[in-house]
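In what follows, a single structure is set out as structure tokens and then discussed.
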């Protein structure tokens, strides 16, 4: 028999806040400035990865001159933080889902591939600081998702076993990371034909509005 679920770990981009389209637009514009034109399909190839890994991947495939990759990375993060602070919008049902988890007696963490600066901007924008017990960034890990590192760190920060956690993810690499960490994973289906296959999640939902206490604590 499985362990009792005692904690809920949320991915951030595309789960708590509607930033996935903004990421693609920002990456497209910043890369275009260094002469790298990317299609929407190419931008989705790196969905869920750390921005450092995205930039390094693009630089390996098509090196550019004059601007260091870390400067490109910093500019993308700067524009994303600026957007979130001014225009960030929660995903439908996101804040309610956090309240549902808290009301069910679960501890709550965020485990994101984004930088800590961006995570903090989102927490402030959504006014969820008092609801979140721990924040973990894959930037602090040796590897980003699909490596389970950030999810294992979230479990440690919450002082719970990974097997006692349920994770909510929207990207294929994120689902893989959560499951590799030993967590039960709820996959949140994203819009669009190129959204990516998250069918390996334990259960898949279309909206966070479907989140109930029973769904969070279920072992099936």
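Below, the figures for the structure above:
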item: For region 20-87, Kirkwood radius (reciprocal of mean inverse C-alpha pair distance, Å); result: 12.0
item: Whole-angstrom gap from region 60-84 to region 164-188, using each part's C-alpha centre; result: 28
item: Percent RCO, i.e. relative contact order, over the chain, from Cα pairs under 8 Å lying at least 6 residues apart; result: 27
item: Centre separation in Å (Cα based) which lies between region 145-161 and region 104-135; result: 14
item: Sequence-separation-based contact order of region 20-87, relative, with Cα cut under 8 Å and 6+ spacing, percent; result: 38
item: Angle between the chain longest axis and helix 69-87 axis [Cα atoms, degrees, rounded to 10]; result: 60
item: C-alpha long axis of helix 149-158 to longest principal axis of the chain, angle in °; result: 40
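Laboratory data are not the source of any read-out in this text; all were calculated from the coordinates shown. Only a predicted model underlies this, so the values are computations on that prediction, with no experimental measurement involved.
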